[in-house]
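What follows is a short report on a single structure.
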Amino acid sequence: MKQFPWKRITATAVGLALLSGAFFFPHAGRFLVVSDPFERADAGLVLSGQPIQRILAGRDLLLSGRVDRLLVIQEPSAPQVAGELVRLGLLDAERPEWSYRILQLSGAPMDRVVFLPPAQSTRGEAVVLRGYLRSHRIRRIVLVTDKFHTRRARLLFRWILKGEGVEILSFSNPYDPFEPDGWWRRPLDLRPVLIEYVKLGVNAVVVGLGAVPREGPAAVTDS
(Lines give C-alpha, C1' and ligand atoms only; values in the text may rest on other atoms or scores of the structure.)
Protein backbone atom coordinates (compact mmCIF):
# COMPACT_ATOMS: atom_id res chain seq x y z
CA MET A 1 0.00 0.00 0.00
CA LYS A 2 1.40 3.35 -1.01
CA GLN A 3 2.05 5.69 1.95
CA PHE A 4 0.62 9.20 1.99
CA PRO A 5 3.47 11.68 1.27
CA TRP A 6 3.29 13.55 4.58
CA LYS A 7 6.95 14.56 4.53
CA ARG A 8 6.70 16.03 1.05
CA ILE A 9 3.53 17.94 1.93
CA THR A 10 5.07 19.23 5.17
CA ALA A 11 8.24 20.34 3.41
CA THR A 12 6.18 22.07 0.72
CA ALA A 13 4.04 23.86 3.32
CA VAL A 14 7.12 25.01 5.26
CA GLY A 15 8.74 26.21 2.05
CA LEU A 16 5.66 28.17 1.04
CA ALA A 17 5.44 29.70 4.52
CA LEU A 18 9.08 30.79 4.40
CA LEU A 19 8.65 32.15 0.90
CA SER A 20 5.55 34.11 1.92
CA GLY A 21 7.33 35.43 5.00
CA ALA A 22 10.34 36.52 2.96
CA PHE A 23 8.04 38.33 0.54
CA PHE A 24 6.03 40.04 3.29
CA PHE A 25 8.99 40.99 5.50
CA PRO A 26 10.04 44.16 3.58
CA HIS A 27 6.41 45.31 3.54
CA ALA A 28 5.72 44.63 7.23
CA GLY A 29 6.26 48.25 8.25
CA ARG A 30 4.04 49.57 5.46
CA PHE A 31 1.21 47.19 6.42
CA LEU A 32 0.99 48.73 9.90
CA VAL A 33 0.41 52.24 8.54
CA VAL A 34 -3.09 53.26 7.45
CA SER A 35 -4.33 56.77 6.74
CA ASP A 36 -7.98 57.23 5.82
CA PRO A 37 -8.74 60.12 3.45
CA PHE A 38 -11.10 62.75 4.87
CA GLU A 39 -11.81 66.45 4.50
CA ARG A 40 -13.64 67.14 7.76
CA ALA A 41 -14.56 65.27 10.91
CA ASP A 42 -16.55 66.06 14.03
CA ALA A 43 -13.55 65.39 16.26
CA GLY A 44 -9.95 64.32 16.38
CA LEU A 45 -8.83 62.05 19.22
CA VAL A 46 -5.20 62.35 20.31
CA LEU A 47 -4.10 59.06 21.85
CA SER A 48 -1.60 59.01 24.71
CA GLY A 49 1.92 57.66 24.46
CA GLN A 50 3.76 60.41 22.58
CA PRO A 51 2.39 63.63 24.11
CA ILE A 52 4.35 66.07 21.95
CA GLN A 53 4.35 64.73 18.40
CA ARG A 54 0.76 63.51 18.61
CA ILE A 55 -0.61 66.74 20.08
CA LEU A 56 1.15 68.72 17.34
CA ALA A 57 -0.69 66.70 14.70
CA GLY A 58 -3.99 67.14 16.53
CA ARG A 59 -3.35 70.88 16.83
CA ASP A 60 -2.83 71.16 13.08
CA LEU A 61 -6.11 69.37 12.36
CA LEU A 62 -7.97 71.71 14.70
CA LEU A 63 -6.36 74.93 13.48
CA SER A 64 -6.89 73.98 9.83
CA GLY A 65 -10.59 73.36 10.46
CA ARG A 66 -10.43 69.69 9.52
CA VAL A 67 -11.86 68.72 12.91
CA ASP A 68 -14.50 70.67 14.83
CA ARG A 69 -13.14 69.73 18.24
CA LEU A 70 -10.10 68.01 19.68
CA LEU A 71 -10.30 65.26 22.29
CA VAL A 72 -7.08 64.51 24.16
CA ILE A 73 -6.45 61.39 26.22
CA GLN A 74 -4.44 62.58 29.21
CA GLU A 75 -1.06 60.96 29.80
CA PRO A 76 -0.71 58.53 32.71
CA SER A 77 2.06 59.82 34.95
CA ALA A 78 4.02 58.59 37.93
CA PRO A 79 3.30 60.86 40.95
CA GLN A 80 7.02 61.16 41.78
CA VAL A 81 7.88 62.37 38.27
CA ALA A 82 4.94 64.76 38.08
CA GLY A 83 5.80 66.19 41.49
CA GLU A 84 9.39 66.87 40.45
CA LEU A 85 8.28 68.59 37.22
CA VAL A 86 5.89 70.80 39.21
CA ARG A 87 8.72 71.69 41.62
CA LEU A 88 10.92 72.72 38.68
CA GLY A 89 8.17 74.86 37.20
CA LEU A 90 7.90 72.74 34.07
CA LEU A 91 4.41 71.48 34.85
CA ASP A 92 1.27 73.16 36.13
CA ALA A 93 -0.30 70.88 38.71
CA GLU A 94 -3.78 72.09 37.73
CA ARG A 95 -3.51 71.33 34.01
CA PRO A 96 -2.53 68.42 31.75
CA GLU A 97 1.16 68.75 31.04
CA TRP A 98 2.61 69.38 27.57
CA SER A 99 -0.57 68.92 25.56
CA TYR A 100 -2.38 71.87 27.16
CA ARG A 101 0.62 74.17 26.97
CA ILE A 102 1.32 73.39 23.31
CA LEU A 103 -2.29 73.98 22.32
CA GLN A 104 -2.56 77.20 24.30
CA LEU A 105 0.70 78.66 22.97
CA SER A 106 -0.32 77.69 19.42
CA GLY A 107 -3.46 79.81 19.68
CA ALA A 108 -5.82 76.85 19.54
CA PRO A 109 -9.45 77.60 20.52
CA MET A 110 -9.41 75.95 23.94
CA ASP A 111 -13.20 75.98 24.18
CA ARG A 112 -13.13 73.27 21.50
CA VAL A 113 -10.59 71.09 23.34
CA VAL A 114 -11.70 68.34 25.73
CA PHE A 115 -9.33 66.38 27.96
CA LEU A 116 -10.39 62.80 28.63
CA PRO A 117 -9.21 60.61 31.52
CA PRO A 118 -6.01 58.59 31.10
CA ALA A 119 -6.07 54.91 30.19
CA GLN A 120 -3.50 52.13 30.40
CA SER A 121 -3.90 50.74 26.87
CA THR A 122 -5.35 51.43 23.44
CA ARG A 123 -8.34 49.29 24.34
CA GLY A 124 -8.79 51.34 27.50
CA GLU A 125 -8.70 54.56 25.49
CA ALA A 126 -11.45 53.23 23.22
CA VAL A 127 -13.56 52.43 26.29
CA VAL A 128 -12.99 55.97 27.63
CA LEU A 129 -14.13 57.40 24.30
CA ARG A 130 -17.19 55.17 24.31
CA GLY A 131 -18.25 56.68 27.63
CA TYR A 132 -17.82 60.18 26.23
CA LEU A 133 -19.82 59.39 23.09
CA ARG A 134 -22.81 58.28 25.15
CA SER A 135 -23.44 61.93 26.08
CA HIS A 136 -22.00 63.76 23.06
CA ARG A 137 -23.15 63.64 19.46
CA ILE A 138 -20.20 62.71 17.22
CA ARG A 139 -20.59 60.94 13.90
CA ARG A 140 -17.02 60.91 12.57
CA ILE A 141 -13.82 60.85 14.58
CA VAL A 142 -10.18 60.73 13.50
CA LEU A 143 -7.59 58.89 15.58
CA VAL A 144 -4.30 60.77 15.91
CA THR A 145 -1.45 58.44 16.78
CA ASP A 146 1.94 57.19 15.59
CA LYS A 147 2.16 55.79 12.07
CA PHE A 148 2.92 52.18 13.08
CA HIS A 149 0.05 52.27 15.58
CA THR A 150 -2.67 53.37 13.13
CA ARG A 151 -3.88 49.95 11.93
CA ARG A 152 -4.18 48.39 15.38
CA ALA A 153 -5.77 51.49 16.90
CA ARG A 154 -8.40 51.62 14.16
CA LEU A 155 -9.10 47.88 14.57
CA LEU A 156 -9.69 48.22 18.31
CA PHE A 157 -11.72 51.41 18.19
CA ARG A 158 -14.00 50.12 15.43
CA TRP A 159 -14.55 46.91 17.37
CA ILE A 160 -15.26 48.51 20.74
CA LEU A 161 -17.41 51.30 19.26
CA LYS A 162 -19.37 49.01 16.96
CA GLY A 163 -23.03 49.91 17.18
CA GLU A 164 -22.36 53.42 18.53
CA GLY A 165 -23.12 55.07 15.18
CA VAL A 166 -19.67 56.66 14.84
CA GLU A 167 -17.24 56.38 11.92
CA ILE A 168 -13.65 55.73 12.99
CA LEU A 169 -10.79 56.92 10.79
CA SER A 170 -7.02 56.76 11.22
CA PHE A 171 -4.65 59.68 10.63
CA SER A 172 -0.97 59.10 9.93
CA ASN A 173 0.97 61.57 12.07
CA PRO A 174 3.32 63.70 9.93
CA TYR A 175 5.42 64.51 13.03
CA ASP A 176 6.20 60.83 13.61
CA PRO A 177 9.72 60.02 12.32
CA PHE A 178 8.87 56.35 11.67
CA GLU A 179 9.80 55.22 8.15
CA PRO A 180 7.96 52.05 7.06
CA ASP A 181 10.31 51.30 4.16
CA GLY A 182 13.53 49.63 5.25
CA TRP A 183 12.32 49.57 8.87
CA TRP A 184 14.56 46.59 9.78
CA ARG A 185 17.72 48.61 9.12
CA ARG A 186 16.98 51.16 11.86
CA PRO A 187 16.98 50.10 15.54
CA LEU A 188 14.51 52.88 16.45
CA ASP A 189 12.00 51.45 13.95
CA LEU A 190 12.81 47.76 14.36
CA ARG A 191 11.70 47.46 17.97
CA PRO A 192 8.29 49.15 17.66
CA VAL A 193 7.43 47.15 14.52
CA LEU A 194 8.18 43.82 16.19
CA ILE A 195 6.29 44.77 19.36
CA GLU A 196 3.37 46.12 17.33
CA TYR A 197 2.97 42.82 15.50
CA VAL A 198 2.83 40.95 18.79
CA LYS A 199 0.15 43.33 20.05
CA LEU A 200 -1.70 43.22 16.74
CA GLY A 201 -1.80 39.42 16.89
CA VAL A 202 -3.09 39.43 20.47
CA ASN A 203 -5.70 42.08 19.71
CA ALA A 204 -6.84 40.25 16.58
CA VAL A 205 -7.49 37.15 18.70
CA VAL A 206 -9.38 39.21 21.31
CA VAL A 207 -11.48 40.86 18.61
CA GLY A 208 -12.18 37.44 17.13
CA LEU A 209 -13.42 36.21 20.51
CA GLY A 210 -15.76 39.22 20.67
CA ALA A 211 -15.42 40.01 24.39
CA VAL A 212 -15.99 43.78 24.38
CA PRO A 213 -14.54 45.54 27.48
CA ARG A 214 -16.91 47.21 29.94
CA GLU A 215 -17.24 50.93 30.44
CA GLY A 216 -14.23 52.90 31.64
CA PRO A 217 -14.07 56.24 33.50
CA ALA A 218 -16.88 58.57 32.49
CA ALA A 219 -15.59 61.90 33.77
CA VAL A 220 -13.99 64.39 31.39
CA THR A 221 -12.37 67.76 31.81
CA ASP A 222 -13.42 70.57 29.47
CA SER A 223 -10.77 73.24 29.16
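The values are calculated or read from the model by the stated rules, or taken from the named source; none is laboratory data. A quick note: this is a predicted structure, and the numbers were derived from the prediction, not measured. Here Cβ is always computed from backbone atoms with ideal geometry, including for glycine, and neighbour counts include all displayed protein chains.
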- Selection within the range 177-191 - buried (at least 18 other Cβ atoms within 10 Å of the Cβ) and either over 17 Å from the mean Cα position of the chain (by Cα) or part of a helix (DSSP H, G or I) (or both): TRP183, ASP189
- With respect to the numbered conditions (1) assigned to a helix (DSSP H, G or I); (2) touching a residue at least 40 places away in the same chain (Cβ under 8 Å); (3) over 16 Å from ALA41 (Cα atoms), which one is the sole condition not fulfilled by PRO174? (1)
- Can you name the number of the only condition in (1) closer than 21 Å to GLN53 by Cα; (2) surrounded by 14 or more Cβ atoms within 10 Å (Cβ to Cβ); (3) at pLDDT below 90; (4) more than 15 Å from the chain's Cα centre (by Cα) that VAL220 fails? (1)
